[in-house]
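This report refers to the structure that appears directly beneath it.
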Amino acid sequence: MIYFEVVIIAFVFTTILMIGFMFLYLSNKKKKDGRYKKWKSQADILIRNAIFSDQINGVKPIPLTMRTAKMLPNANFRSILIEQLLSAKKNISGTAADNLESLYNQLSLDQYAAKRLKSRHWHVKAIAIQELGLMGQKTYLNKIYRSTNNKNDLVRMEAQITIVKLYGFEGLRFLDVANYAISEWQQIKLLQELSHLSPDNFSGIEKWLNSINVSVVVFALKLVRNYHRFELYNQIMDLITHPDENIRFEAIRTSEKIYTADTSKLLLERYPHETLKNRIAIVKGIQNIGYHDDIPLLIEFLEDDDNELKRHIVRTIANISPDGLTQLENISASNRYPLNLIIDQIRGEII
């Protein structure tokens, strides 16, 4: 009986504690939520005033309320304000975006980001770099540039993107000293960032094409291809015999954009020495830059056992010349599987 009473008392006591704890937790959460809403509202008003301010080049300070000025030393409020500033900056441009940068500078928010650059935690450093880049803080170039070779992938990626964001094509100079591989995703992001800018005959590609970092060479080839740097044609063709398969692949793809009358012949000479992936790239490239007299050699390559490669060869022959398929039908293999089916398929595509 006594044991039963003790259990009941313990249960009641525990229940009261749990209810008390939940009450305190919910009460505290309600206070935090209310405080967050109030601070967010203050931040929104300040940002809205900055966006619609008529100041010129940051000469005229953006008005601050006494309450906002008092809240700036509060790290939590500052965090909300910066978060809202960055969110707004991503979605606007022109004078309004310049006004937000002016507000950021007026409140000396860059100093807090600069402190986070020294953090030992990689995610803190990466976010600080991203913030400084988005808010156009060019004064931190040297500190950010040092991180373009950081051993942490995310820090390195953010630093590289930020340098390009701040300095455009000139910012690509980090490629001169890049020790780590630049991932495919990072290359896409860099090219996307550059796509908004005018190239203005930027220099350095010829050096990057000779880099010992394979990913730098690959990226340089994409730059040549995207910006049609015809003066680098000889270097591109030299890379078609590079020991690295990926470099050869990108060189082959680039030669489809940067070519001369002899390019298709050079690619066909390289064909027997290539991997399947690069053979397909050569055949697809010749589809756009090949000539009628390339067809006999392409027909010889149909002896390859890979059906996908055969399909690409037949499609290329059909696109090079109006009578390409007719020439194919004159060879004995054209009546046998799988070439007969492939020819019919390609004929159906071009009708």
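Angle check, please: helix 184-194 long axis (alpha carbons) against the longest principal axis of the chain (alpha carbons), in degrees 0 to 90, nearest 10.
Its long axis makes an angle of about 80 degrees.
Under the definition of Cα pairs under 8 Å and six or more residues apart, what whole-number percent is the relative contact order of the chain?
Relative contact order of the chain: 7 percent.
Taking Cα atoms, how many degrees apart are the long axis of helix 122-134 and the longest axis of the chain, rounded to 10 and kept between 0 and 90?
80 degrees
How would Ser332, Ser211 line up from fewest to most surrounding beta-carbon atoms within 10 angstrom?
Listed from fewest to most nearby Cβ atoms, that is Ser332, Ser211.
Per DSSP helix of 4 or more residues, -39500 (n - 2.57); summed, then divided by the residues of the chain. What does that give at 222 nm, rounded to the nearest 500?
Mean residue ellipticity, 222 nm, calculated: -20500 deg cm²/dmol.
For the chain, compute the orientation-averaged projected area of the C-alpha convex hull (one quarter of its surface), in nm².
Details: hull surface 127.9 nm².
Its average projected convex-hull area is 32.0 nm².
Could you grab the Rg to Rh ratio for the range 166-296? Cα atoms only, Kirkwood for Rh.
Checking Rg against Rh, the ratio lands at 0.98.
How large is log10 I(q)/I(0) at q = 0.11, 0.13, 0.17, 0.26 Å⁻¹ when the Debye formula is applied to the Cα atoms of the range 273-351, each weighted equally and without solvent?
Result of the Debye calculation: -0.23, -0.33, -0.58, -1.42.
For the range 273-351, what's the relative contact order in percent, using C-alpha pairs closer than 8 Å and at least 6 residues apart?
RCO, the range 273-351: 29 percent.
List the pairs from Lys118/Lys143; Lys222/Lys265; Lys118/Lys165; Lys38/Lys70; Lys90/Lys118; Lys143/Lys165 whose alpha-carbon separation is above 19 Å, in the order I gave them. Mind showing how you got there, number by number?
On the way: Lys118/Lys143 9 Å; Lys222/Lys265 22 Å; Lys118/Lys165 21 Å; Lys38/Lys70 14 Å; Lys90/Lys118 25 Å; Lys143/Lys165 15 Å.
Among Lys118/Lys143; Lys222/Lys265; Lys118/Lys165; Lys38/Lys70; Lys90/Lys118; Lys143/Lys165, the Cα-Cα distance tops 19 Å for Lys222/Lys265; Lys118/Lys165; Lys90/Lys118.
Does the range 112-172 come out rounded, prolate or oblate, given a ≥ b ≥ c as the square roots of the eigenvalues of its C-alpha gyration tensor, rounded meaning a/c under 1.5 and, failing that, prolate meaning a/b above b/c?
Numbers: a/c = 1.91, a/b = 1.29, b/c = 1.49.
Judged from the Cα gyration tensor, the range 112-172 comes out oblate (a/c at least 1.5, b/c at or above a/b).
Let me see the P(r) profile for the range 142-216: every Cα-Cα distance counted, bins of 5 Å, each bin given as a percent of all pairs.
With a bin width of 5 Å, the distribution comes to 3, 17, 28, 28, 19, 4, 0.
All of the numbers you see were taken from the coordinates with simple rules; none came from a lab. Note that the coordinates shown come from a computational prediction; the quantities given were computed from them, not determined experimentally. Methodologically, a virtual Cβ is constructed for each residue, glycine included, from the backbone with ideal geometry; neighbour enumeration extends over all protein chains shown.
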